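Note sheet for the following structure.
Each value in this text was obtained by applying a stated rule to the coordinates, not by laboratory testing. These figures come from a predicted structure and were not determined experimentally. Note that we place each Cβ from the backbone using ideal geometry, even for glycine, and neighbour counts take in every protein chain shown.
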Amino acid sequence: MAEAFEFFQAWLKNPLRVAAVAPSGKALAQLITSEISHDTGPVIELGPGTGAFTRALIERGVKQEDLALIEFGAEFAEALHLHYPRACTLRMDAARLRTANIFDGRPAGAVVSGLPLLAMPPLKAAAILTGAFRKMRPDGAFYQFTYGPQCPVPRKLLNRLGIQARWLGGTLANLPPASVYRLTQIPPGN
Ligand SMILES: C[S@@+](CC[C@H](N)C(=O)[O-])C[C@H]1O[C@@H](n2cnc3c(N)ncnc32)[C@H](O)[C@@H]1O
């Protein structure tokens, strides 16, 4: 309840950045983390907010030390650092991810994004995706949720970046209902 209030207050102050009136529910958190386990290795989370997906990642066996939490909101970043002191919490714009020093240079196995990608200018979305794929192993996957009816990354941008998107699933048990896409690099030669 306190978490929902904290989230709502942040939305009142900055509706464009927070982009939702309530944190994601458990069903969406389980769906977006469903392919991630301890074996995935380091995981980057973009826009964790109050930590709905962070909790699910830890429940799936990802160690705090293997988590980088990239959050622009000072109110969220401070609380995340208190709750997950062994994770690497960085208060920064995810569009600068490329320059961030995380995991001592070890590549991540996955990126979980709670960012309002659909509402962002294409150049910013491109910078976020480019940075994320630079920080991942070639077989790494970028998981993005959306409230919209299709992948929130336009096809033109996917093609330009050599990325393919697959629908992972959807849940009605979220307010509003949401679905998740898995974005991966198109292997060279395909
Ligand atoms: C829709 S909320 C999702 C929060 C949480 N992942 C959830 O599902 O409940 C979007 C989050 O992304 C953060 N955010 C928005 N733009 C950002 C940016 N450019 N860089 C980093 N975080 C950003 C917001 O502060 C907020 O925490």
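Quick notes on this one:
- Shape of the chain, Cα gyration tensor, a/c cut at 1.5: rounded
- Descending principal axes extents, region 1-44, alpha-carbon based, whole Å: 38, 19, 15
- Note on Leu16/Arg106: beta-carbon distance plugged into 1/(1 + (r/R0)^6) with R0 of 22 Å gives a FRET efficiency of 0.10.
- Annotation: region 121-190 has a Kirkwood hydrodynamic radius of 12.8 angstrom, from the mean reciprocal C-alpha pair distance.
- Calculated diffusion of region 52-109, Stokes-Einstein form, Kirkwood radius summed over Cα pairs, 37 °C and 0.692 mPa s, µm²/s: 276
- FRET efficiency, Leu161 to Arg86 (Cβ-Cβ, R0 22 Å, nearest 0.05): 0.10
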